[in-house]
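Report on the structure given below.
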Amino acid sequence: MDENVSYPFIDTSSFDLIVVGTGLPESVIASAASAAGKSVLHLDANPFYGSHFSSLPLDSFTSFLQSQQNIPQKEYSSSIENYSQSDCVVVGLESRCLYSNFEISSHVSPESLEPSRKFSLDISGPRVLFCADPAVDLLLKSGASHHIEFKSIDASFIYTGDGRLLAVPDSRAAIFKDRSLGLTEKNQLMRFFKLVQEHFESVAADGDRKEEKRRISEEDLESPFIEFLNKQRLPPKIKSIILYAIVMADCDQDHPEISENLVKTKDGIEKLALYHSSVGRLANASGAFIYPIYGQGELPQAFCRCAAVKGALYVLRMPVTALLLDKESSHYKGVRLASGQEMFFHHLVVDPSYVVPSSSILSLTVDLQQKSAHGSSLAVVKGKVARAICVTRGSVKPDLSNLLLVFPPRSLNSKQVKSIRALQLGSNLAVCPSGLWNQTWFSFDGS
């Protein structure tokens, strides 16, 4: 316990659910539990909501990243303490860094970029939302949409490899207006979209024999999407738009021998249907994608506000230092806070920046000491995201502010095996000062 920090006293010591970290998944769970009438204590060691899903001013953003350097990269080793009550064991809770490497550099002084508070930079992400995304449905059904506002992403573009950015058509009208597509390509694209639409109409009319003829076969649905596109004799440019700008494939789909994640046809056409149903769904969004005003950090805050309205108790700047393990049941039953208070729960949710040894395999204090060094099964790394955040004085497209750019595999060079995407956001989203733009470049590498 830090004697120089004053922590608030929490009157209630027992809750149905204790949630550690105010990231997006944790905030959704807290909101759902509160709406179901459960008592919830929601804690965060940070002075802001959102944890690793927050959006921060420029100076706070850099400070947060620099603070991650103080988290040691090491094998997990839990500390064990004797507890004043004979029925519990105290298990030290340790943090782990979610960032394998980062660098902060600038060609200009931060002071020349106007006040830092005018920036709102996403720690993780950014992630645009399809207008018909299930996450949007959740925002509407939960009431979290009352606490957040969105704006439309103006347009999406795909890089062709010859120095051109082609607009991704988001409607039939856009397809026929697109001068970069020839008449034959437009007809091919329209026929393909019609095929997918008829398939889903046939599925919706289950049992109608006439409609069954319009379905895509089960064999095709289970095959790689690239094979299905080749069967439709779509030209490379159209295939690239579908695979990387609409379906959002991360890996090179044209070279299955080096791609560990080939998209199946059933998944590909579901993404196409999602894209199609997103266009024009919301009155204030002309395209398929939306993004929160003030940044992605508004998403967890919206759910936290919903939870607070339903009675959840929120305490920021409150680290959790240890877990309390019940000797008899070998289940965790409480947490010890930095204030020295101990809180008890029926259920616990902890964000991924903490390493929690699995209580289900632990029965004795000695056993805990031996096995806790293995860490938590939750600590398995399935993939990494490479990100670069740039502040620019000009837009990629002078007449547009908020853009999604897609660079398919091998479009930049022959060794590029992953898609690279860039999201440009302007001042009308309140994420940067007027006359500047935030560009986040990112690529996913994992299974």
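The values are calculated or read from the model by the stated rules, or taken from the named source; none is laboratory data. Everything quoted here is computed from the prediction, not taken from an experiment. Glycine gets a Cβ as well: all are built from the backbone with ideal geometry, and neighbour counts include every protein chain shown.
Conditions tested, residue by residue: (1) within 30 Å of Ser54 (Cα to Cα); (2) out of contact with any Lys or Arg (no Cβ under 7 Å at 6 or more places or on another chain).
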{"site": "Ile216", "(1), (2)": "no, yes"}
{"site": "Pro236", "(1), (2)": "no, yes"}
{"site": "Ser240", "(1), (2)": "no, yes"}
{"site": "Ile246", "(1), (2)": "yes, no"}
{"site": "Thr265", "(1), (2)": "no, yes"}
{"site": "Arg281", "(1), (2)": "yes, yes"}
{"site": "Ile293", "(1), (2)": "yes, no"}
Inset, instruction - Please find, among Tyr314, Tyr275, the residue that is at pLDDT below 95 and not in a loop (DSSP other than H, G, I, E, B). - result: Tyr275
Inset, instruction - Go through the residues of region 435-446 one by one and say whether even a single one is touching an Asp or Glu at 6+ places or on another chain (Cβ under 6 Å), part of a loop (DSSP other than H, G, I, E, B) and surrounded by 17 or more Cβ atoms within 10 Å (Cβ to Cβ). - result: no
Legend entry - Among the candidates Ile29, Ile18, residue that is modelled with pLDDT of 80 or more, assigned to a helix (DSSP H, G or I) and within 23 Å of the chain's Cα centre (by Cα): Ile29
Legend entry - The listed residue being at pLDDT 90 or above, of a type in the set (A, V, I, L, M) and within 20 Å of the chain's Cα centre (by Cα), out of Ile269, Ile226, Ile242, Ile290: Ile290
Inset, instruction - Go through the residues of region 338-347 one by one and say whether even a single one is at pLDDT 90 or above, touching a strand residue (DSSP E or B) at 6+ places or on another chain (Cβ under 8 Å) and either part of a helix (DSSP H, G or I) or of a type in the set (A, V, I, L, M) (or both). - result: yes
Legend entry - Checking Phe444 against (1) in contact with a Leu (Cβ under 7 Å, 6 or more places away or on another chain); (2) at pLDDT below 90, the condition it does not meet: (1)
Inset, instruction - Give region 317-337 a look and list any residue that's touching a Lys or Arg at 6+ places or on another chain (Cβ under 9 Å) and either surrounded by fewer than 17 Cβ atoms within 10 Å (Cβ to Cβ) or of a type outside the set (Val, Ile, Thr) (or both), or say none. - result: Ala322, Leu323, Leu324, Leu325, Asp326
